Amino acid sequence: MTYFLLRRTAGFILTLLAVSIVVFAVMNVLPGDPALTILGLDATDDALAALRDQLGLNEPVVSRYFSWVWHAVQGDFGISHSFGVPVSTLIGERLGMTVALAVAGMIATLVLALTMGIGAAARHRRVGDWGVMFLSQLGIAVPAFWLSMLLVLLFAVKLRWLPPGGFAGWSDPVAAARSLILPTIALALVQSAVLARVTRSSALEVMRQDFVRTARASGLSRRRVLWRHVLPNALVPIVTIVGMQFAALVTGTIVIENVFYLPGLGRLIFQSISNRDLPTVQALVMLFAAIVVTANFVVDLLYVVIDPRLKARA
């Protein structure tokens, strides 16, 4: 077991290192001059040369990479070219919004997908099953940004139940929660479509096992068998998709936050790309990539907890 954990941890670190190399390389081969972006077209050659030297752009690429990694490990991602403040400060101010939206979306996704998936498996080849399959296929086909606009038109413009966008701030919890309802629904409806289908397929496979028939023959209710015996034994493929979808939820906030004008990391990376703010873009891309890698790492560890047979193999 210790060897398994060490191997997974080593793979996690090497993957992060490889991601950092790719992110740094891509950001530094993009066309344009950051010094010219900051000072403008009217800047003199001397001023541009001085700023390039200050930003370390005259240093060799390898030297700049190791310097960036060393400072990033300490939480120092440099100074934002657009905002003139440390990038870590910008991330810290907006991280709470993105985390709150991603967690709320994940909770809503789990509740909706598990209920639909288990319900469809319990009503296999009946109207309920066909309805879930149709809705899940529709959810897979509909883009998140288009669904977001439909939700705004219905609940904000026509019914006027919820705000169309913006964020009132955490000082007013009720207004903050209302601001996050539509973005959460937009995230959950799209993400739950795939998870519901996986839950249904996995539950159907488990329901064909002998121990399920034995549980039913022992007099246990259908609901108790489904939630106490079928679902726990169907968790391995479900956890795999949940890990992938949490990463997709976090990266999906880039679109949702811009549609609903929320002050999170997704909107920050969009603004930074528009302003060619390389330090901020570099840090945010690395952060999103690290979230994806971390989600996969956590899923690997959960496999051993969920299925003792995998622990024995490890």
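Between L14 and F134, the simple label model (points 7 Å from Cα in the Cβ direction) yields a spacing of 5.0 nm.
Note that the range 1-87 shows a convex hull volume over its alpha carbon atoms of 107 Å³ per residue.
Scattering from the range 36-150 was approximated by placing one identical point on each alpha carbon and applying the Debye formula without solvent; log10 I(q)/I(0) at 0.11, 0.23 1/Å stands at -0.68, -1.28. One quarter of the surface of the convex hull around the alpha-carbon atoms of the range 96-312 equals 14.9 nm², the direction-averaged projected area. In this Cβ point-charge picture (+1 for Lys and Arg, -1 for Asp and Glu), the range 12-98 has a dipole of about 380 debye about its Cα centre. The share of C-alpha pairs in the range 188-314 whose separation exceeds 17 Å stands at 68 percent.
One decimal place: the segment L41-S218 gains 55.7 nm when fully extended, by the rule 0.36 nm per residue minus the C-alpha distance.
Consider a paramagnetic label point 7 Å from the Cα of V111 along Cα→Cβ; state which residues of the range 134-164 have an amide N under 15 Å from it. No residue passes the distance filter.
Compared with the rule-of-thumb size 2.2 N^0.38 Å for a compact globular protein, the range 153-209 has a Cα radius of gyration ratio of 1.70. Sorting 8-15, 196-203, 19-26 by average packing, meaning the other beta carbons within 10 Å per residue, from highest down gives 196-203, 19-26, 8-15.
Net charge dipole, the chain: roughly 2460 debye, given to the nearest 20, about the Cα centre with Cβ charges of +1 for Lys and Arg and -1 for Asp and Glu.
Compared with the alpha-carbon gap, the fully stretched path from F270 to R178 is longer by 30.7 nm at 0.36 nm per residue.
Using only the C-alpha atoms, the convex hull of the range 63-123 corresponds to 129 Å³ per residue. Among complete DSSP H helices in the chain, those whose alpha-carbon atoms stretch at least 20 Å along the helix's long axis and whose mean Kyte-Doolittle hydropathy reaches 0.0 are 2-29, 87-122, 127-141, 173-207, 235-259, 278-306.
Values quoted throughout were computed directly from the atomic coordinates according to the rules given, and no laboratory measurement underlies them. Predicted model, so just to flag it, every value in this text is computed and none were measured. Here the Cβ is made from the backbone with ideal geometry for all residues, glycine too, and neighbour counts use every protein chain on show.
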